[in-house]
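In what follows, a single structure is set out as structure tokens and then discussed.
The values are calculated or read from the model by the stated rules, or taken from the named source; none is laboratory data. Remember, predicted model here, so these are calculated numbers, not experimental data. Heads up, the Cβs are rebuilt from the backbone with ideal geometry, glycines too, and the neighbour counts pull from every protein chain shown. Side chains are part of the model used for accessible areas, which takes the heavy atoms of the whole protein and leaves out ligands, DNA and RNA. Shrake-Rupley method; radii C 1.70, N 1.55, O 1.52, S 1.80 Å.
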Amino acid sequence: MFDIHTKVLERDVFQYFLDLEIKKAMRYQYFFSLLIIEPDLTVDSGIRAEILKTMAELIKEEVRTTDVIGRMGKNNFYVILSHAETSNTLSVAERIRSRIESYSFTRKNGGAKETISVGGACFPTHANELGNLVRNATKMIYEAKNNGGNKVCLPN
Amino acid sequence: MDKKELILIVDDEDEMRSYIEKLVTSFGYQTSSASNGAEALEKLNAMNPALIIMDLMMPEMDGIEVLGRIKEQNGNTPVIILSGHGDTKNVVRAMKMGASDFINKPFEPEVIRHTINQVMEKKNLILEVKRLKEEMGKQISYDILFSNSKKMTDIKSIIEQVAETNITVLVRGESGTGKELVARAIHAASLRHDKRFVKISCVAIPETLLETELFGHEKGAFTGATRKKPGKFELANDGTIFLDEIGDMHPSLQAKLLQVLQDGEFARVGGEKDVKVDVRVIAATNRDLEIAVREGGFREDLFYRLNVVSIVVPPLRERKEEIPFLVEHFLRKYSQQYNKSFTTLSNETMTRFMNYDWPGNVRELENMIKRVVVLGNENAVLTRFAFKGADIQSDIQYNINEKPKVKAADSGRVIPPDNGFSLRSISKKALAEVERETIKDILLKTRWNRREASRLLKVSYKALLNKIKVYELDKRL
Ligand SMILES: Nc1ncnc2c1ncn2[C@@H]1O[C@H](COP(=O)(O)OP(=O)(O)O)[C@@H](O)[C@H]1O
Ligand SMILES: [Mg+2]
């Protein structure tokens with residue numbers, strides 16, 4: 001259920017929660033959003049595990065305990081922000097981004113800086129079904145990366 | 001892993017190949033191997049493996065080329081790529097071509113296991129989703145039944161004509177005739193079929209609540225609005241919204257609805273900014289809107305806006321030729337759902353069905369069949385007609401010589417008449433016995449829950465208590 005390295009949800013479990021979130025949001029009529037978070041530098045696999053682990057912890061600290069975090073790929077996290085619409089999504093994502101930017105990651109040869117890019121999309125403002133929500137958030141993470149990284153992007 | 005799925009391993013290095021084979025076998029899979037691309041493609045055809053693990057670097061046909069052919073031949077078989085260091089460019093290419101994942105050599109056994117599991121799970125998930133989708137597709141086509149009646153055939157052709165347009169449709173007809181099914185059929189046949197179908201009933205929701213249900217509200221729009229809420233129109237964006245019982249919508253909301261229909265824009269309650277949506281509207285009503293318009297309860301402009309195309313679903317009594325089809329359909333549906341084997345009704349019951357007026361239309365028929373299937377006999381249904389006593393029509397075809405197949409009450413059971421029984425020979429007494437036994441039966445089945453029993457029997461609670469007294473029914477007997 002949990003990813004062994006980062007202790008956040010594994011892909012399939014996260015997908016299950018995302019699916020459930022959409023159903024609940026449809027039924028009880030509330031907003032929520034999906035964030036995709038990726039480190040800007042693809043570091044080599046030796047230290048990547050350690051950095052991702054720290055990042056997962058930092059993300060956890062910046063969201064509510066009711067929000068859901070999952071590791072979807074080797075190099076990214078997905079987050080469900082329940083009951084969040086565009087404006088609070090933007091502020092939470094921005095908070096995560098700046099927290100990681102200002103954090104000193106420990107490495108054998110001293111501290112080091114890391115940055116992340118965040119792409120997001122809000123239900124139902126930007127999409128009201130799973131496929132489109134993920135597609136929109138993915139588009140936004142590319143946009144953030146293409147604009148130099150260390151950025152948060154939401155559809156306008 | 002008890003299924004022992006087959007994994008095909010493709011690598012030109014003998015050592016590597018047999019090492020992976022051993023590993024994969026130890027994870028509980030069956031394996032087969034190939035030392036070059038041509039062999040791999042042959043085995044893919046012959047053995048249809050669940051998964052392929054393939055080296056990128058091979059002489060003659062390299063991994064990329066083989067991958068291309070695999071995807072041509074059998075695009076659904078997932079492929080995990082093995083790559084050496086410094087091969088990033090080819091890995092990216094392979095992933096773009098549809099490889100499921102990749103593993104860098106050298107690797108830990110755990111990595112291989114984890115990757116295989118993930119790819120297999122994803123594959124199974126995809127299959128599962130596909131299965132569910134197929135099932136849902138089936139259900140939709142299964143659930144709306146257009147029988148051979150002229151009226152329903154006409155409706156079907158209107159549905160087909162309007163489905164692909166974005167025209168607003170008003171579906172009219174008595175309650176239980178199938179208006180919602182018609183709305184769903186339009187959505188299912190439209191270009192929006194894979195988008196949302198969102199239903200809202202405008203009856204029995206207070207005006208202010210209905211407004212926030214439909215249009216949402218901003219945070220702090222009123223006391224208790226602690227957070228912003230999206231309305232059904234937003235949730236239905238790109239899809240279809242079904243406004244049921246539109247005739248009961250309050251006039252002040254009718255104005256706002258008209259605006260959405262005209263501009264595709266609205267403001268949430270307490271909001272200023274307009275929300276833009278692209279939603280197809282289908283409305284339904286069992287009220288006579290022309291009269292409502294004349295009496296001022298319904299806006300004339302909205303009526304004309306909604307009534308661009310209207311589909312009138314006739315009451316069941318005007319298309320009785322459909323009853324046998326519907327009966328068969330519901331019998332099948334509910335015996336499947338409840339795992340029962342009730343597949344036909346007696347001719348007698350069918351005759352009665354054909355002569356009944358069905359004020360509750362198809363819904364009433366459906367509920368009746370459901371009850372027959374759940375209870376496992378037709379008594380409950382017969383009772384319903386029995387209560388009507390003498391007014392069961394004399395134009396029913398019946399067999400005068402047949403004895404009533406009703407056992408004496410003290411035998412404790414009524415044999416459901418299943419091949420037509422003589423009405424004329426059933427005395428009032430026999431009817432009473434049927435009634436008594438049925439009530440007893442249902443009370444037993446409901447564990448003497450009299451409310452529930454009265455609901456099943458479709459009589460008032462008071463009437464049931466009265467019957468219990470008259471027939472001297474007792475919980476302990
Ligand atoms: N042609 C039909 N085929 C199958 N089921 C039907 C048909 N018409 C009505 N029903 C069933 O009857 C019930 C009432 O239909 P519904 O569409 O809710 O009626 P309305 O909206 O007019 O009150 C539903 O359970 C529906 O599935
Ligand atoms: Mg209805």
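Filtering B:ALA204, B:ALA185, B:ALA189 for residues that are away from every other protein chain (no Cβ under 14 Å) and open to solvent by 50 Å² or more (accessible area, probe 1.4 Å) leaves a single hit, B:ALA204. Given the conditions (1) within 29 Å of A:GLN15 (Cα to Cα); (2) more than 14 Å from chain A (Cβ to nearest Cβ), which single one is not true for B:LEU127? If we test B:LEU127 against (1) within 29 Å of A:GLN15 (Cα to Cα); (2) more than 14 Å from chain A (Cβ to nearest Cβ), just (2) comes out false.
For the range B:282-305, residues that are within 16 Å of ligand 1 (Cβ to nearest atom) and within 17 Å of B:LEU214 (Cα to Cα) total 3.
Tallying residues that are in a loop (DSSP other than H, G, I, E, B), within 13 Å of ligand 1 (Cβ to nearest atom) and not small (Gly, Ala, Ser) within the range B:151-179 yields 2. Quick check on the range B:191-213. Is at least one of its residues touching a residue at least 12 places away in the same chain (Cβ under 8 Å), within 16 Å of ligand 1 (Cβ to nearest atom) and assigned to a helix (DSSP H, G or I)? Looking for residues that are touching a residue at least 12 places away in the same chain (Cβ under 8 Å), within 16 Å of ligand 1 (Cβ to nearest atom) and assigned to a helix (DSSP H, G or I), one finds none in the range B:191-213, hence no.
For the criterion of being over 23 Å from A:ASN156 (Cβ atoms) and open to solvent by less than 60 Å² (accessible area, probe 1.4 Å), A:PHE123 fails.
For the range B:230-241, check the following and say yes or no: at least one residue is more than 11 Å from every other protein chain (Cβ to nearest Cβ) and farther than 19 Å from A:PRO124 by Cβ.
To start, the set of residues in the range B:230-241 that are more than 11 Å from every other protein chain (Cβ to nearest Cβ) comprises B:240-241.
Right, trim to farther than 19 Å from A:PRO124 by Cβ and you get none.
No, because not a single residue in the range B:230-241 is more than 11 Å from every other protein chain (Cβ to nearest Cβ) and farther than 19 Å from A:PRO124 by Cβ.
Within the range B:324-366, the set of residues being away from ligand 1 (no atom under 16 Å from the Cβ) and either among the charged types (D, E, K, R) or open to solvent by 90 Å² or more (accessible area, probe 1.4 Å) (or both) comprises B:ASN339, B:LYS340, B:SER341, B:THR343, B:THR344, B:ASN347, B:GLU348, B:ARG352, B:ASP357.
Where in the range B:27-90 are the strands (runs of 3 or more DSSP E), entirely inside, with at least 1 residues that are of a type in the set (Gly, Ala, Ser)?
Values: elements: B:30-34, B:51-55, B:79-83.
Those strands (runs of 3 or more DSSP E) span B:30-34, B:79-83.
Sort out which residues of the range B:192-201 are within 16 Å of ligand 2 (Cβ to nearest atom) and open to solvent by less than 60 Å² (accessible area, probe 1.4 Å), and write them in order of number. Matches in the range B:192-201: B:PHE197, B:VAL198, B:ILE200, B:SER201.
Can you find a residue in the range B:312-322 that is more than 14 Å from chain A (Cβ to nearest Cβ), part of a helix (DSSP H, G or I) and within 16 Å of ligand 2 (Cβ to nearest atom)? Yes - at least one qualifying residue is present in the range B:312-322.
Quick check: anything in the range A:53-76 within 14 Å of chain B (Cβ to nearest Cβ), touching a Lys or Arg at 6+ places or on another chain (Cβ under 6 Å) and within 30 Å of B:MET95 (Cβ to Cβ)? Can you show your working first?
Kept after step one, since they are within 14 Å of chain B (Cβ to nearest Cβ), are these residues of the range A:53-76: A:64, A:66, A:70-75.
Right, trim to touching a Lys or Arg at 6+ places or on another chain (Cβ under 6 Å) and you get A:72.
Add one more test, that the residue is within 30 Å of B:MET95 (Cβ to Cβ), and what stays is A:72.
Checked against the condition, which is being within 14 Å of chain B (Cβ to nearest Cβ), touching a Lys or Arg at 6+ places or on another chain (Cβ under 6 Å) and within 30 Å of B:MET95 (Cβ to Cβ), the range A:53-76 yields at least one hit.
Within the range B:166-182, which residues are open to solvent by 30 Å² or more (accessible area, probe 1.4 Å) and within 15 Å of ligand 2 (Cβ to nearest atom)? If you could, list the steps in order and put the result at the bottom.
From the range B:166-182, those open to solvent by 30 Å² or more (accessible area, probe 1.4 Å) are B:166-167, B:172, B:174-175, B:180-181; that's our starting set.
If the condition is that a residue be open to solvent by 30 Å² or more (accessible area, probe 1.4 Å) and within 15 Å of ligand 2 (Cβ to nearest atom), then B:ARG172, B:GLU174, B:SER175, B:GLU180, B:LEU181 are the ones that fit.
Checking each residue in the range B:435-470 for being open to solvent by less than 40 Å² (accessible area, probe 1.4 Å) and part of a loop (DSSP other than H, G, I, E, B) picks out B:THR446, B:TRP448, B:VAL459.
Residues that are open to solvent by less than 20 Å² (accessible area, probe 1.4 Å), within 16 Å of ligand 2 (Cβ to nearest atom) and of a type outside the set (Lys, Arg), at least 3 per element: which strands (runs of 3 or more DSSP E) completely within the range B:234-296 meet that?
On the way: elements: B:240-244, B:265-267, B:274-276, B:280-285.
The strands (runs of 3 or more DSSP E) meeting that bar are B:240-244, B:280-285.
Output yes when any residue across the range A:97-113 is on the phi > 0 side of the Ramachandran plot, within 12 Å of chain B (Cβ to nearest Cβ) and either of a type outside the set (D, E, K, R) or open to solvent by 30 Å² or more (accessible area, probe 1.4 Å) (or both), and no when none is. No, the conditions are met nowhere in the range A:97-113.
Only one of the numbered conditions (1) within 13 Å of chain B (Cβ to nearest Cβ); (2) in a loop (DSSP other than H, G, I, E, B); (3) of a type outside the set (Asp, Glu) is not met by A:ASN88, and that is (2).
Consider A:CYS122 carefully, then state whether it is of a type outside the set (Val, Ile, Thr) and more than 14 Å from chain B (Cβ to nearest Cβ).
Details: of a type outside the set (Val, Ile, Thr): yes; more than 14 Å from chain B (Cβ to nearest Cβ): no.
Here the answer is no, as A:CYS122 does not meet what is asked.
Note on the range B:31-45: residues that are under 39 Å from the mean Cα position of the chain (by Cα) and either open to solvent by 50 Å² or more (accessible area, probe 1.4 Å) or not assigned by TED's automatic domain parsing to the domain that holds B:THR115 (or both) amount to 1.
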